[in-house]
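The values are calculated or read from the model by the stated rules, or taken from the named source; none is laboratory data. Note that the structure is a prediction, hence the values are computed from the model and not measured. Positions of Cβ are generated from backbone atoms using ideal geometry, with glycine treated the same way; all protein chains shown enter the neighbour counts.
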Amino acid sequence: MIVIGGSSSENLANSVANQLSLTLAKAEIKRFPDGEKYLRVLNEVKDEHVVVIQSMHHTPDDFLFEYLLLVDTLKDLGAKKVTSFIPYFAYARQDERFKPGEALSFKTVSKLIEAVGTDEIYTIDMHQHRVLSSSDVFRIPSRNLSAMPLLANYVRKEGKLRDPLVIGPDSEAEQWAKLAAETLGTDYDVFEKKRFAADKVEVRPKRANAKGRDILIVDDIISTGGTIIEASKILLSQGAKHIEVACTHPILATDALNRIRAAGVLNVIGTDTVPGPISYVSVAPLIAEHIKKTVS
Ligand code: R5P
């Protein structure tokens with residue numbers, strides 16, 4: 001078995017290969033002067049089981065297309081099996097036709113991934129709101145892993161919060177709030193959220209009373225930061241002491257991080273599914289563990 005990372009996840013692929021003492025294969029990836037992509041696999045892959053790691057953050061079209069070129073090339077060069085880890089899976093939020101005529105992007109992207117010969121796919125905290133399981137979308141074997149236990153363990157080790165109440169800012173986040181609370185041995189609650197536009201949300205508490213409590217808000221994605229800011233405002237107005245935020249995919253569009261800090265959040269933690277300024281937690285051990293346990 002060998003590991004190869006696309007250009008969105010080179011460091012992550014390197015860590016996974018190191019943790020499993022596997023060869024890290026290389027690809028030369030560049031652009032032609034007209035903007036088209038060029039890709040060349042530099043290792044022998046014939047009859048190999050190849051683990052491909054490629055996130056789809058920030059420039060999702062670019063990284064998706066690179067993924068398609070990479071896997072199609074690996075298969076064409078005779079790779080025996082391709083197991084893919086797409087730590088941040090873009091386009092999963094467009095899982096429904098909200099207005100007539102809209103593209104079902106989630107479905108289109110999954111079809112493309114299958115069409116190039118991906119044999120099995122792992123994602124991490126993929127947005128699954130209306131889609132309940134990754135097997136509702138993929139016809140190939142698929143599994144959605146969670147980075148929440150890794151994030152919660154990091155929060156515990158840092159020790160900035162005392163007996164925190166874990167908050168999921170919307171109903172979908174209940175699964176992550178539950179996992180984080182179990183890891184920390186504490187209680188959790190979820191808010192209700194209404195989204196009016198990509199950058200406008202309203203959240204409301206259901207039962208949670210944050211008075212005098214330290215709070216850990218958990219979510220899959222921080223994009224504009226609107227969800228976290230609205231939830232933090234409510235928690236602080238209820239009398240929360242300290243608020244930390246942990247998310248798997250710190251997309252952090254525009255000035256989200258500054259706005260979240262300005263809203264009174266003590267600390268914001270993310271993983272390297274989206275490498276950036278708050279990627280304190282690596283998902284490499286999670287990927288390595290699953291390669292060891294389940295990939296044959
Ligand atoms: C959506 O429901 C997701 O779980 C996140 O809550 C959302 O993507 C966060 O987006 P934003 O930071 O723009 O509020």
Next on the checklist: List pairs: first residue in region 136-147 and closer than 17 Å to THR108 by Cα, second residue assigned to a loop (DSSP other than H, G, I, E, B) anywhere in the structure, Cβ distance under 7 angstrom, at least six positions apart or on different chains.
Outcome noted: VAL137/VAL131; ILE140/THR118; ILE140/ASP119
Checklist outcome for this item: The one condition LEU150 fails out of (1) buried (at least 19 other Cβ atoms within 10 Å of the Cβ); (2) assigned to a loop (DSSP other than H, G, I, E, B); (3) aliphatic (A, V, I, L, M); (4) within 17 Å of the chain's Cα centre (by Cα) is (2)
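For every residue, the table says whether it meets (1) buried (at least 23 other Cβ atoms within 10 Å of the Cβ); (2) closer than 17 Å to HIS58 by Cα.
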| residue | (1), (2) |
| --- | --- |
| ILE86 | yes, yes |
| ARG97 | no, no |
| PRO100 | no, no |
| LEU104 | no, no |
| GLU120 | no, no |
| HIS127 | no, yes |
Checklist entry - Which residue out of SER232, SER223, SER237 is hydroxyl-bearing (Ser, Thr, Tyr), away from the ligand (no atom under 15 Å from the Cβ) and either surrounded by fewer than 24 Cβ atoms within 10 Å (Cβ to Cβ) or free of Cβ contacts under 8 Å to residues at least 60 places away in the same chain (or both)? => result SER237
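Filter region 186-215 down to residues that are within 15 Å of the ligand (Cβ to nearest atom), within 21 Å of LEU252 (Cα to Cα) and either touching a strand residue (DSSP E or B) at 6+ places or on another chain (Cβ under 9 Å) or not in a strand (DSSP E or B) (or both), then give me how many there are. Step through it out loud before you land on a result.
First pass over region 186-215, keeping only residues within 15 Å of the ligand (Cβ to nearest atom): 190-204.
Filter once more, keeping what is within 21 Å of LEU252 (Cα to Cα): 193-203.
Then drop every residue that is not either touching a strand residue (DSSP E or B) at 6+ places or on another chain (Cβ under 9 Å) or not in a strand (DSSP E or B) (or both), which leaves 193-196, 198-199, 201-203.
The total comes to 9.
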Next on the checklist: Step by step: first the residues of region 153-174, then only those that are surrounded by fewer than 18 Cβ atoms within 10 Å (Cβ to Cβ) and closer than 22 Å to VAL203 by Cα, then the one that is farthest from the ligand (Cβ to nearest atom). Which residue is that?
Outcome noted: GLU174
Checklist entry - Filter region 256-274 for residues that are part of a loop (DSSP other than H, G, I, E, B) and surrounded by 20 or more Cβ atoms within 10 Å (Cβ to Cβ); which is nearest to the chain's Cα centre (by Cα)? => result THR273
Checklist entry - Out of region 168-209, which residues are touching a Leu at 6+ places or on another chain (Cβ under 9 Å), among the hydrophobic types (A, V, I, L, M, F, W, C) and modelled with pLDDT under 90? => result ALA208
Checklist entry - What are the pairs, 6+ residues apart or on separate chains, where a residue within region 21-44 that is within 15 Å of ASP62 (Cβ to Cβ) has its Cβ under 8 Å from a residue that is of a type in the set (S, T, N, Q) and at pLDDT 95 or above? => result ILE29/SER7; LEU39/THR73
Checklist entry - Can you name the residue in region 228-255 that is within 24 Å of ARG156 (Cβ to Cβ) and assigned to a helix (DSSP H, G or I) and, of all such residues, is farthest from the chain's Cα centre (by Cα)? => result LEU236
Next on the checklist: Given (1) over 14 Å from SER8 (Cα atoms); (2) out of contact with any Lys or Arg (no Cβ under 6 Å at 6 or more places or on another chain), identify the lone condition not met by ASP62.
Outcome noted: (1)
Item to check | Matching option when the condition is in contact with a helix residue (DSSP H, G or I) (Cβ under 7 Å, 6 or more places away or on another chain), surrounded by fewer than 16 Cβ atoms within 10 Å (Cβ to Cβ) and modelled with pLDDT of 95 or more, among LYS80, LYS30, LYS37 | outcome: LYS37
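Given the structure, is VAL45 buried (at least 16 other Cβ atoms within 10 Å of the Cβ) and under 16 Å from SER8 (Cα atoms)? Reasoning before the result, please.
Details: buried (at least 16 other Cβ atoms within 10 Å of the Cβ): yes; under 16 Å from SER8 (Cα atoms): no.
Against the criterion (buried (at least 16 other Cβ atoms within 10 Å of the Cβ) and under 16 Å from SER8 (Cα atoms)), VAL45 does not qualify.
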